[in-house]
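The values are calculated or read from the model by the stated rules, or taken from the named source; none is laboratory data. Quick caveat, the model's predicted, so the values are computed rather than measured. Positions of Cβ are backbone-derived with ideal geometry, glycine not excepted, and every protein chain shown enters the neighbour counts.
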Amino acid sequence: MTINSNRTKDVQEYYFSKKLKEVSKLIDKGEPIINMGIGSPDIFPSEIVIEALKSSLSDPSAHKYQSYYGLSELRSAISNFYKSFFGVDLNSSKQVLPLMGSKEGIMHISLAFLNPGDKVLIPNPGYPTYLSVTKLVEAKPLLYELNEKNNWFPNIEDLKKKDLSGVKIMWINYPHMPSGASASPQQFEKLVSFTKKNNILLVNDNPYSFILNKKLLSIMSIKKSFDNCLELNSLSKSFNLAGWRVGMLIGSENHISSVMKVKSNMDSGMFYGIQKGAIEALSLKMGWFDSLNKIYSERRKLVWKLARLMRCEFNEDSSGMFVWAKLPKRFKNSKHFVNKILEEKKLFIAPGSIFGSNGEGYIRFSLCVNEKNILKAIKRLES
């Protein structure tokens, strides 16, 4: 009999991995399920990106192992992208590291900087992978509270009251998932200062900047942020390339070098054609994002209507590709509510509790659903 490692005792299979299997079985049985639960962009990537991938396949280097650091042209494209949109100057050979998805970067960073027993500040609610990876590397999660009252941003005065001895990493994610809250430069400045004083590595996970967001902001634009900050970014949401698995890590040469000690022992380089496509994606101008946001804006208006039909409350001044909605007070359990809607209306939405205890009482709608299907969902609620 195979005995599992101790580290698997404290983690579960990812919620969407399990739930989507359940939803797929219902669809296979002929149930007309509308999936509004997961943020997997359904809009096609730019044609120039697809063509770059296709044309690269006959290149003599296309099917060989690739550099662990990524193509120099890709690192330069990332550097130019950060300069153009975030105003951040980067040394492409020292401060940029392409990744096979930013989710994978969470593991790389954790393995590079954490020892068993180290503490990690994790947002509640937040992306579940921060907590799971922390447990997998046998570090200790220290949850910090996010709530509507403070617009889903950390209360630094509350953080100061915590026992921060042994804390090595603090995870943040702005624009925030699941709430859609944005951060200001002033808020970032205070957080950078706080973590620096406490010798904590601050990591911002930043995949939603270009989706329905009024002001583009990278934590790396904050003065002296390179001393103790890293930023993850991704092509999944902004360029509709979720299945390609293209991410990036931005930070100081020392921090990048530490991560490379892990990464170079875990993969053998990103496929050449994907890198070529990513280079073209990163060259797209603001018009690309404007066209995406026009679609998402129209979808969001319809999702707001759907949320109102469920008697939910939400903040219209939010960013990202989700609508975060508070359930009516009579519903105490978001998973029960989601299961009820799935059974009665054949709609799958995400329960807020999967993002942490402070997500209980909320649900999350994805905007990765075309208008036709959102209108179908509205009709089902109206009937």
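Name the residues in segment 16-49 that are hydrophobic (A, V, I, L, M, F, W, C) and either closer than 29 Å to MET260 by Cα or in contact with a helix residue (DSSP H, G or I) (Cβ under 6 Å, 6 or more places away or on another chain) (or both), would you?
Selection gives ILE33, ILE34, ILE38, ILE48, VAL49.
Considering only segment 326-335, how many residues are surrounded by fewer than 20 Cβ atoms within 10 Å (Cβ to Cβ) and under 25 Å from the mean Cα position of the chain (by Cα)?
3
What about ASN91, is it part of a helix (DSSP H, G or I), out of contact with any helix residue (DSSP H, G or I) (no Cβ under 6 Å at 6 or more places or on another chain), surrounded by fewer than 18 Cβ atoms within 10 Å (Cβ to Cβ) and at pLDDT 95 or above?
no
Free of Cβ contacts under 8 Å to residues at least 24 places away in the same chain and touching an Asp or Glu at 6+ places or on another chain (Cβ under 9 Å), is that true of LYS83?
Spelling it out, LYS83 is indeed free of Cβ contacts under 8 Å to residues at least 24 places away in the same chain and touching an Asp or Glu at 6+ places or on another chain (Cβ under 9 Å).
Specify which of the listed residues (VAL303, VAL338, VAL323) is out of contact with any helix residue (DSSP H, G or I) (no Cβ under 8 Å at 6 or more places or on another chain), surrounded by 15 or more Cβ atoms within 10 Å (Cβ to Cβ) and outside any loop (DSSP other than H, G, I, E, B).
After applying the criteria, what remains is VAL338.
One residue is enough: does segment 103-123 have a residue meeting the conditions under 23 Å from the mean Cα position of the chain (by Cα), modelled with pLDDT under 95, surrounded by 14 or more Cβ atoms within 10 Å (Cβ to Cβ) and not aliphatic (A, V, I, L, M)?
yes
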